[in-house]
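The block underneath contains the structure these notes are about, expressed in structure tokens.
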Amino acid sequence: MSDSPRAASYPSAVELRDDLAAGRRTAVDVTEHFLRVIDEKNPQLGAFMTVTQHLALERARQLDAEHASDPRRSGPLHGLPLGFKDLTAVQGVPTTFASRVFQDAPPAAQDDPLPAALRLAGAVFLGTTTTPEFGLPPHSENRVSPPARNPLDPTRTAGGSSGGAAAAVASGMLPVAPGSDGGGSIRIPAAACGIVGLKPGRGTLPTDDQRDTVRNLGVNGPLGRTTEDTALLFDAMTDPTATTGYYLDTIRRAARQGIAPTSIGWTTASPFHPDLEITLARGAVEALTRAVTLLAGDGHTVSELDLDYQPGYHEDFRTVWTSGLAEAPLPEGAEDKMEPLAAHFLNLARGYTPEVLAEAESRLTGWAADTRRQLAAASIVLTPVLAFAPPAIGAFTEREPADDYAYQCQFTPYTSMVNVMGLPAISIPVLTDEDGMNWSVQAIGRPGTEAPLLALSARMERLLAQ
């Protein structure tokens, strides 16, 4: 196996941002470039469900005119193309939630909070990226569009549920992309496609749901080919009007100067065990070993954590994870149009009494507090992201729903627990195996440590390149 990082032959998002801000490139030129790449690659990879060419070029022309009139009016992402998952409302574009239930939805009348913020930052939206129905599983296959395929091996899944976004970034159809993560949906496709993906802590982004409860699992976050690109987008997601980039500046210093010695723990213990058999592929083990070795050699105190998870996580997480479907504004008879997994989850959710749901939430809250206490033995905790390589397209959907869900948990045994705890985490590429597939590690931080996690990722990129 060989060390990653990945080299790109086209400009990075940071380079494009700098060129656009300086007037060396126009928003129209950059938009036309990425539309050409989408036209070339999307038929094979299925990263986009909808491409909004006319809206994108109209927006780019408007941004160019404003920039020519007064460059000081331009936002921090001036002219940079993005795409949003087909779970997020973007003005003028239908949101289908990748489901036949909403296949004929009209164009959205207004942006959801995050697209509104990134529009303020000056971004150009090229379309909607592929996601599974309602964003539920860790792949990106649905029955209303072609599946999102892995650019490293198009016979395999790109992961999910931000699989289309990750495939678009990894293949050069987008410079960066926002994703959302309710159980690993940024980190999983980032690891599958060999890019960087940051899941912020609960409530970190002002556009996210701020409720501090284990039922609030979902956050938005950035995907990029490099840590610099990821930090650039995260700066704009955090403050779309900022004239300086706090996270980008932080990780640049870390890459050059290193980061202060800190305590780093690692573990391969999963809370899904013993309910499920968790088996790690060689690549997962070797990537974790490589990361631990690099960081120990860089002056950090690295040790294995002896975790003792409270029992019941598997069942309680499934209860909380699926319960939201019962509260979703679904039309009558929606289950008849749903795919088997979503219909199965909906039936489960409708069967939960208020008492059952409250008890599961209470136990999961206690589990989260206890596990956060154990993880606090180290400043940063490393785990694998994926237990095995991304499966072939159809490997999940060909199974019966209950078996499908168990296979999902076995594929991603370390990601959902971070959402339950509300902590930040980042997926960092480490190794490329003999089949050309990427293997990443997940770095989990304490509350409010998105900057140190990005700094760690940048430092690891530098160490892996040496």
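The values are calculated or read from the model by the stated rules, or taken from the named source; none is laboratory data. Note that the structure is predicted; figures quoted are calculated from it, not measured. Don't worry about glycine lacking a Cβ; one is built from the backbone with ideal geometry, like all the others, and counts go over all protein chains shown. The protein model used for the area step is the full one, side chains on, heavy atoms only, and it has no ligands, DNA or RNA in it. Shrake-Rupley method; radii C 1.70, N 1.55, O 1.52, S 1.80 Å.
Residue under question is D39, and the condition is that it be more than 23 Å from L152 (Cα to Cα) and of a type in the set (D, E, K, R); does it hold? When the stated conditions are applied, D39 does not pass them.
Per-residue answers, yes or no, for (1) within 22 Å of L276 (Cβ to Cβ); (2) touching a strand residue (DSSP E or B) at 6+ places or on another chain (Cβ under 8 Å); (3) open to solvent by less than 60 Å² (accessible area, probe 1.4 Å); (4) touching a residue at least 12 places away in the same chain (Cβ under 8 Å):
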| position | (1), (2), (3), (4) |
| --- | --- |
| T319 | yes, no, yes, yes |
| P340 | yes, no, no, yes |
| A343 | no, no, yes, yes |
| N347 | yes, no, no, yes |
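Within the stretch 393-418, if we keep just the residues that are open to solvent by less than 10 Å² (accessible area, probe 1.4 Å) and aromatic (F, W, Y), the residue that is farthest from G183 (Cα to Cα) turns out to be F396.
Applying the criterion of being modelled with pLDDT under 95 and open to solvent by less than 50 Å² (accessible area, probe 1.4 Å) to the residues of the stretch 1-38, the residue that is nearest to R282 (Cα to Cα) is S4. Taking the stretch 294-323 as the range and being in a strand (DSSP E or B) and over 27 Å from the mean Cα position of the chain (by Cα) as the test, the residues that pass are T301, S303. The residues of the stretch 257-270 that are under 18 Å from A296 (Cα atoms) and not hydrophobic (A, V, I, L, M, F, W, C), listed by number, are Q257, G258, P261, T262, S263, G265, T267, T268. The set of residues in the stretch 84-115 being of a type in the set (A, V, I, L, M) and touching a residue at least 40 places away in the same chain (Cβ under 8 Å) consists of L87, V93, A98, V101, L114.
Search the stretch 349-361 for residues being aliphatic (A, V, I, L, M) and in contact (Cβ under 8 Å) with a residue 12 or more places away in the chain, and hand back the single one that is most open to solvent (accessible area, probe 1.4 Å). Filtering first and then ranking leaves V356. The helices (runs of 4 or more DSSP H) found wholly in the stretch 100-203 and carrying at least 1 residues that are open to solvent by 10 Å² or more (accessible area, probe 1.4 Å), more than 21 Å from R215 (Cα to Cα) and among the small types (G, A, S) occupy 113-120, 163-171.
Residues in the stretch 276-317 that are charged (D, E, K, R) and crowded, with 16+ Cβ neighbours inside 10 Å: E286, R290, D298, D316.
Given the options V169, V144, name the one that is farther than 30 Å from A334 by Cα, touching a residue at least 12 places away in the same chain (Cβ under 8 Å) and of a type outside the set (F, W, Y). When all the criteria are applied, what remains is V169. State whether the residues of the stretch 52-69 include one that is polar (S, T, N, Q), under 20 Å from the mean Cα position of the chain (by Cα) and open to solvent by 20 Å² or more (accessible area, probe 1.4 Å). No: the stretch 52-69 contains no residue that is polar (S, T, N, Q), under 20 Å from the mean Cα position of the chain (by Cα) and open to solvent by 20 Å² or more (accessible area, probe 1.4 Å).
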